[in-house]
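What follows draws every value from the coordinates through simple rules; no lab data is involved. Remember, predicted model here, so these are calculated numbers, not experimental data. When we count neighbours, we look across all protein chains shown, and the Cβ atoms used for this are built from the backbone with ideal geometry, even at glycine.
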């Protein structure tokens, strides 16, 4: 089983739609969680951290379920500019430091 | 936050040669990492760059092929040695500022093509 698993997509959604991505992780000792966004031919950039209580940033909502070991990202009112690959990222303790593990990414295409 | 400068941004190299990629961070960081991202794939961790000591390599990556230096807290290099076309990829430097819940920052990447 991969350490971090995501549905690779692609998700093709119309503008204005709501879309949700899920991500599962295998290490129950994982300590912190993030969603990154990667545009084509660009480096990944942090979209938002994911907290146990859930957090919202504008049209984006992230949830963490530690019991089931999954993370979700909800995007409301999709914009064309949301088209990108969304990477689930998990930090695991490893030998005294944090090891950052990336999921394979979920590709989103928002269609006019 | 941190700004990471990575260079070169791209290069085309002959097989059998080596390329050294440099990564400079503008903040005091705790951890520095090197990743590879092949076309259409996610990021694969090559190694953790340790200050003043040998890097910690992930399974499938070895020091002879990917020697890494980190002489101080804010600078690291990755060398891709004896290159073959299979090494064509994007190489990304990353850093975290603090232990625990710190996000990772990335350089712009080095797009390497081996011919």
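So the values come out like this:
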| item | result |
| --- | --- |
| Gaussian network model of chain A, Cα within-10 Å springs - most flexible of A:25, A:51, A:86 | A:51 |
| Gain upon complete extension [residue B:50, residue B:63; 0.36 nm per residue less C-alpha separation] | 3.4 nm |
| Diffusion constant of the protein assembly as shown at 4 °C, which comes from Stokes-Einstein with the Kirkwood Cα-pair radius and 1.567 mPa s, µm²/s | 71 µm²/s |
| Region B:15-91 versus region A:27-63: alpha-carbon centroid distance in Å | 24 Å |
| Most mobile of A:64, A:73, A:47 in a GNM of chain A (Cα contacts under 10 Å) | A:47 |
| Residue B:75-residue A:7 pseudo-label distance in nm [points 7 Å out on the Cα-to-Cβ vector] | 4.8 nm |
| Two-site label geometry, residue B:38 and residue B:7: point separation in nm, points 7 Å out along Cα→Cβ | 3.0 nm |
| Other protein chain Cβ atoms within 10 Å, averaged over every residue that makes up B:33-44 | 4 |
